[in-house]
Amino acid sequence: MSSYAFDWEAFGQRPDMHKANLETRKAVIVAFIRDLAPPSPSSVQDPMIRLENAEDVDHAD
């Protein structure tokens, strides 16, 4: 248990380094997403076609 407490304490002593690491990872992920082409409109299914109406129980008489 003492090693866990030591690890957590060591983690808390370097928050700036961890923040910079996370910002770098975010930049890589954002750049990857920007390089992806959006799907063609014909390949995207319209969810409204398969959507069923729910019974209105709030305004039932």
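Taken together, the values in this text are just the output of simple stated rules run on the coordinates, not laboratory data. What you see is a predicted model; the values in this text were computed from it and never measured. Cβ placement follows ideal geometry from the backbone for every residue including glycine, while neighbour counts extend to all protein chains displayed.
Students often get this wrong, so try it: which of (i) -0.70, -0.97, -1.02, -1.02; (ii) -0.38, -0.87, -0.99, -1.03; (iii) -0.63, -0.87, -0.93, -0.96 is log10 I(q)/I(0) by the Debye sum over Cα atoms at q = 0.12, 0.21, 0.24, 0.25 Å⁻¹ as calculated from the structure shown?
Computed from these coordinates, log10 I(q)/I(0) by the Debye sum over Cα atoms at q = 0.12, 0.21, 0.24, 0.25 Å⁻¹ corresponds to label (i).
How about the chain: which GluC sites (Glu not before Pro) there are in a DSSP loop, with at most 16 other Cβ atoms within 10 Å of their Cβ?
Those satisfying the criteria are 52, 55.
Compute the helix-to-body angle for 15-35: its Cα long axis versus the longest principal axis of the chain, expressed 0 to 90° and rounded to tens.
Taking Cα atoms only, the helix is inclined about 40 degrees.
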